[in-house]
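To keep things clear, I will list the structure first and then write my remarks on it.
The values are calculated or read from the model by the stated rules, or taken from the named source; none is laboratory data. Owing to the predicted nature of the structure, the values given are computational and were not obtained by experimental measurement. So basically every Cβ, Gly included, is an ideal-geometry build from the backbone, and we count neighbours across all protein chains shown. With ligands, DNA and RNA removed, areas are computed over all heavy atoms of the protein, side chains included. Shrake-Rupley method; radii C 1.70, N 1.55, O 1.52, S 1.80 Å.
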Amino acid sequence: MQTVAERLDEKGNLAASFFFLRGAGARSKFTHVIATIAYHISHSIPNSQPLIQQAFQADPTLVSQSTWHQLRKLVLDPLKQIPPQTKPMIIVVDALDECDDHSSITEFIGLLFETYDHFPFRFLLASRIENYIDMAFTTGQAPSMTCFMKLETFDAGHDISTFLTSRFDEFCKQRPRLFQNTQQMWPASKDLAALANKS
């Protein structure tokens, strides 16, 4: 997901990101997720910054309040006051299952569905399968608002081959003298397939 977030950032489509990591102090807790998302939004969408700062200044205790209150005051309310973005913006939250606070994750997922119509962005959420997370995505209206990609059944072979071909082409173009006498494609198709299979 780190690579996905970096690519989105390069294209100017990353609004914010948060990467949970089990056993890594603050990164394994939910406490600072909304504040971190708000901070990233204030940088990716500069005209939101004064409004987000104003919300913090008006109530310094925001980060200790409910997830809903933080989401409304630090993200939704400021975004309502600025013009809509001209391109799609994504918030990436990775490794939901690595957060120690299962109830906060369930609440967060529920809030995203409740505020779906008011959110100007889309969320890209990633997680291993856990019952409490699975239930949050399969109850109520959640399935109709969600696009799932189950990576355990996803065949990435074609994507890997495309990526490798692109990188090898780039490598050859940057070193034309090395490959000027090469008659056939480098690497050979069978070698490229073998590399993709091992990736």
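Things worth noting here:
- Using heavy atoms of the protein chains and a probe of 1.4 Å, the accessible area assigned to Phe171 is about 70 Å².
- Helix 189-198 vs. the chain, principal-axis angle (Cα, 0 to 90°, nearest 10): 40 degrees
- Candidate values [x] 17.6, 58; [y] 21.1, 69; [z] 17.3, 55, label of the one derived for Rg and Dmax of the Cα atoms in Å: [y]
- Segment Asp9-His158, length gained on full extension (0.36 nm per residue, minus Cα span): 51.2 nm
- Mean residue ellipticity, 222 nm, helices only, the chain: the sum of -39500 (n - 2.57) across DSSP H runs of n ≥ 4, divided by residue count and rounded to 500, is -13000 deg cm²/dmol.
- Loop-located trypsin sites (Lys or Arg not before Pro) in segment 164-194 (DSSP state other than H, G, I, E, B) with a sparse environment of at most 12 neighbouring Cβ atoms within 10 Å: Arg177.
- Whole-percent carbon and sulfur share, accessible surface of the chain, 1.4 Å: 54 percent
- Accessible area per residue, Å², the chain with all protein chains present, probe 1.4 Å: 64 Å²
- Segment 85-168 - charge dipole about Cα centre, Lys and Arg +1 at Cβ, Asp and Glu -1, debye rounded to 20: 520 debye
- Of the residues Phe168, Leu195, Phe121, the one whose Cα sits farthest towards the positive end of the charge dipole of the chain is Phe168 (charges of +1 on Lys and Arg Cβ, -1 on Asp and Glu Cβ, taken about the Cα centre).
- Förster radius 35 Å - calculated FRET efficiency between Ala126 and Phe179, Cβ distance, rounded to 0.05: 0.35
- Label-point separation in nm, Ser64 to Met145, each point 7 Å along Cα→Cβ: 3.0 nm
- Cβ-based charge dipole, the chain, positive-most Cα from Ser48, Ala95, Thr61: Ser48
- For Lys190, a cut-off of 18 angstrom between C-alpha atoms picks up these lysines, skipping any fewer than 8 places away in its own chain: Lys198.
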